Amino acid sequence: MPVEGRPKRAVNPEGQYLSLSHSQGLCAVATNTSQLGIDIEPSQRKPDWVAVARRWFSPIEQEWLFRADDPFNFLKVWTLKEAWLKATDRGIAGNLQTLEVRNQFELYGDQPDQTWLASCFYVEGFLVTLVYRGRDQGGLGSWPGITLLEPPPDDYNLALAGTQEASWEPMFHRVIRSKR
């Protein structure tokens, strides 16, 4: 049971954190004993990514994204930033550059006193990205559990999603280094 307001912590069981994201009829839920954020987007989504990157991304991010000219790379960066902002309990306004995504998905954040990790998965047409606090900088370890839910068509109750053709093998699993 989440606390009131934006779901991020559980009242019961105590000490649990949770994050939710939804898109096009699918909801992703992640739980852990430390802060975390999750984002889900359809992998075929093709917003005007060049305009978004020009307005909100750092010059370093723009340079490699424009050179690669791949909307899927943009979507990975976008979901990373969304998950990061949820995990660090911030909104989008003025905070998109608190996580910088460099070429080859090297990640740099503004939380130097904590170890953060990021994992990105492809699940049957969706990109699912998870950011969470880790235990130590040395090992990547395993990630928190992720559950996919879909609403039944006749009411608003959530149910476990049907079988998804996914291996849950991450496209990348990285430590978020400190910006210096």
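A few remarks follow.
- Within region 17-178, antiparallel bridges make up roughly 95 percent of the DSSP beta bridges whose residues both belong there.
- Largest to smallest principal axis extent of the C-alpha atoms in region 35-121, angstrom: 34, 26, 25
- Each of Lys179, Lys76 was scored by other Cβ atoms within 10 Å of its Cβ. Arranged with the fewest first, they read Lys179, Lys76.
- For region 17-178, Kirkwood radius (reciprocal of mean inverse C-alpha pair distance, Å): 16.1
Readers should treat all values here as calculations from the given coordinates under stated rules, not as data from a laboratory. Here the structure is a predicted model, which is why all the values come from computation and not from measurement. No Cβ is skipped: glycine too gets one built from the backbone with ideal geometry, and neighbour counts run over all protein chains shown.
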